[in-house]
Amino acid sequence: MTIRQALVVDDSKSARMMLQRLLSKINVNAEAVESAEEALRFLEKQQPDVIFMDHMMPGMDGLEATQLIKSNPRTASIPTIMYTSKEGKEYQDMALSHGANGVLAKPASHEAVMAVIQSLDKPAANDEPAGTHPPAIPLVEIDKLIQKNLTQALEDIRNELTASVDEHARGLKASQSTQLDLMQARMSQHTARLQEDINASLTEAALFKKTRNQNQRLAVAVADKLVKKNVDDLLHMMADDRIAMEEELTVLREDILLAQKKASARAMLTGLLGGALLGGLIGIAAAFYL
């Protein structure tokens, strides 16, 4: 049998490109879609010779899609191979019960793909009826076909390189993420140790021990300043008291002098009054006797 066209259905870009590359090595042109829903829409317009169907996909899974393909008369004759990492006879029996023609395990090898293609013993959907001969192809069409194949080959190479770069980038990202996690873990441990040291150094006993000498010097300086201030205050107070006492003594001296002056004046007045009175009495007496 001749297999020319294949449809690869897989939500993994790298898995699609790997199988496309393996099929291209055996001269099978493979279209690719990333979901079962896209595959059903593709089959409404085109009929490949074989379908490679992934099992686990977002939305409709591969077994459900295979059942729908086999229930449609237009697509029922297309061989469908489950392209999945699931293995075992139990899964193979389940796949066959849903209409699949076989199982191709991931990751696929060149020999496994060849064996699957060779195991298809029914004519493919695009096979020509027996006894017919294809018409001669003009050189222009051959040139167009060559250009198309070259373009497709370049696109496949570009896609393969893109997938390889993506895989490498994911690997680097994972490695960097792991290294970052390790650095964060080490940083967390270092931070925890620093926090413990800080907490230990902030206890009252530790702070007292570290600042004891400074506290002693500060206490002596404060005591010196207090003593000096008290002495200065006492001297100022004594000076103020002395001034006040001197002022009081001055006032007292003035009061004493005034009192003395008043006493002298009083004595003189008393003497004068006494003399005058005595003279009067003498005059009276003399006048009486005479």
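Since every read-out is calculated from the coordinates, none of them should be taken as a lab result. From a predicted model like this one, the values you see are computed outputs, not experimental measurements. Positions of Cβ are backbone-derived with ideal geometry, glycine not excepted, and every protein chain shown enters the neighbour counts.
Some notes on this structure:
- Within the same chain, lysines fewer than 8 places from K209 are excluded, and of the rest, those with a Cα less than 28 Å from its Cα are K225.
- Globularity index of the chain is 3.26 (Cα radius of gyration / 2.2 N^0.38 Å, N = number of residues).
- Annotation: amide H-H contacts under 5 Å for Y83 (H modelled 1.01 Å from N, sequence separation of 5 or more, or interchain): M53, D54, H55, L104.
- Overall form of the range 23-122 per C-alpha gyration tensor (a/c, 1.5; a/b vs b/c): rounded
- Within the straight-line cut-off of under 15 Å between alpha carbons, the aspartates and glutamates reachable from K262 are E254, sequence neighbours fewer than 8 places apart in one chain being disregarded.
- Note, ³J(HN,Hα) from phi for the range 226-243, Karplus 6.51, -1.76, 1.60, rounded to Hz, x at Gly and Pro: 5, 4, 4, 5, 4, 5, 4, 4, 5, 5, 4, 5, 5, 5, 4, 5, 5, 4
- Extended-chain gain in nm, criterion 0.36 nm per residue less alpha-carbon gap, Q92 and D166: 23.4 nm
- FRET E, pair V251, N230, Förster distance 22 Å, beta-carbon r, rounded to 0.05: 0.10
- 0 to 90° range, to nearest 10: angle between helix 62-71 axis and the chain longest Cα axis: 40 degrees
- With Cα atoms, 0 to 90° folded angle of helix 139-201 axis to the chain main axis: 30 degrees
- Segment A285-M187, extension gain: residue separation times 0.36 nm, minus the distance between their alpha carbons: 21.8 nm
- Residue pairs, from the table K25/K173; K45/K86; K25/K106, whose Cα atoms sit over 27 Å apart: K25/K173; K45/K86
- FRET efficiency, T270 to M238 (Cβ-Cβ, R0 51 Å, nearest 0.05): 0.65
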